[in-house]
Amino acid sequence: MTNIIQGQLTAAGERFAIVVSRFNELITERLTAGAVGTITRLGGDTDTIDVYKVPGSFEIPLTASRVAASKKYSAVICLGAVIQGSTSHHEYINSQVAAGLMAVMQSTGTPVTFGVITCESMDQALDRAGGKVGNKGEEAATAAVEMISLLKQING
C-alpha cells in the first residue's frame, strides 16, 4: 500500500513572519488581512505573527532572507502586488522576486510562500485580493501552515 504524507492545516503553536510590500497598499493590506485571518482560523494566535513592511516587492526577498535566517519563525509569508504598466519593468520585478524567494527557502529550509500578485490591471489585483478569484494572502498562509506540518513529518 502506498503511504501518502501531507501537511495538516493547524497553525497552533507556530510563529509566522509576513513580509509585505507597502507599494499598492490597497491590495497588500487586503492580502495581509487574508493571511492573518487564515492563520487565526487554523488555530494560530495573532501574538505569534510579525508583519514586516517593505517599500516594494523587490525588497521582499532580502527581508524574507533575514527573517528566515533568524530561525524565529516556522514560516515566512511574502505578499505584494506587481501590476503591469506601460513598460516591461514588471517582468523583471516578478522574476527576480520569485527567484529570490525560492533561494531563501532552499538556503534556510524554512517554508517561504509566494503571495505576490502579478497582474495586468488594478481590477485583476482586486479580484485576487479578496474579490472574485479569492485572496492570494489566504492561499499563501494556507500553504505555509501545510508546509510546516509536512516538514515536521519528514524531519520526525
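Bear in mind that the values in this text are calculations on the coordinates, not laboratory data. As the structure is a computational prediction, the values presented were derived from the model and not from experiment. With ideal geometry, Cβ positions are generated from the backbone for all residues, glycine too; neighbour counts draw on all protein chains shown.
Along the Cα-to-Cβ line of Asn155, 7 Å from the Cα, sits a label point; which residues in segment 2-22 have backbone N less than 14 Å from it?
Only 14-16 fall inside the zone, counting backbone N under 14 Å.
Helix-derived [θ] at 222 nm for the chain: sum -39500 (n - 2.57) over DSSP H runs of at least 4, divide by residue count, nearest 500?
So the helix-based figure for the chain works out to -15500 deg cm²/dmol.
For the chain, compute the number of Lys pairs whose alpha carbons are separated by less than 18 Å, excluding pairs fewer than 8 positions apart on the same chain.
Step by step, the pairs that qualify in the chain add up to 4.
Roughly how big is the chain's charge dipole about its Cα centre, with Cβ charges of +1 (Lys, Arg) and -1 (Asp, Glu), in debye to the nearest 20?
340
Could you please report the charge total around Glu146, scoring K, R as +1 and D, E as -1 over all other residues with beta-carbon less than 13 angstrom from its beta-carbon?
Here the count lands on -2.
Placing unit charges on C-beta atoms (Lys and Arg positive, Asp and Glu negative, everything else neutral), compute the dipole magnitude of segment 31-96 about its Cα centre in debye, rounded to 20.
For segment 31-96, the charge dipole is close to 140 debye.
When averaged across all projection directions, what area in nm² does the alpha-carbon convex hull of the chain cover?
9.9
Would you please give the residues with an amide H less than 5 Å from that of Tyr52, counting only those at least 5 places away or on a separate chain, with H modeled from the backbone geometry?
The list, which skips near neighbours in sequence, is Ile18, Val19, Val20.
Mind checking which of Ala68, Ala141, Ala99 has the largest fluctuation in a GNM of the chain, springs on alpha carbons under 10 Å?
Ala99
Pick from Arg15, Arg66, Arg30: which is most flexible by mean-square fluctuation in a GNM of the chain where alpha carbon atoms under 10 Å apart are linked?
Arg66
Listing Leu31, Leu26, Leu42, Leu79 from the residue with the fewest other Cβ atoms within 10 Å to the one with the most, what is the order?
The most exposed by this proxy come first: Leu26, Leu42, Leu79, Leu31.
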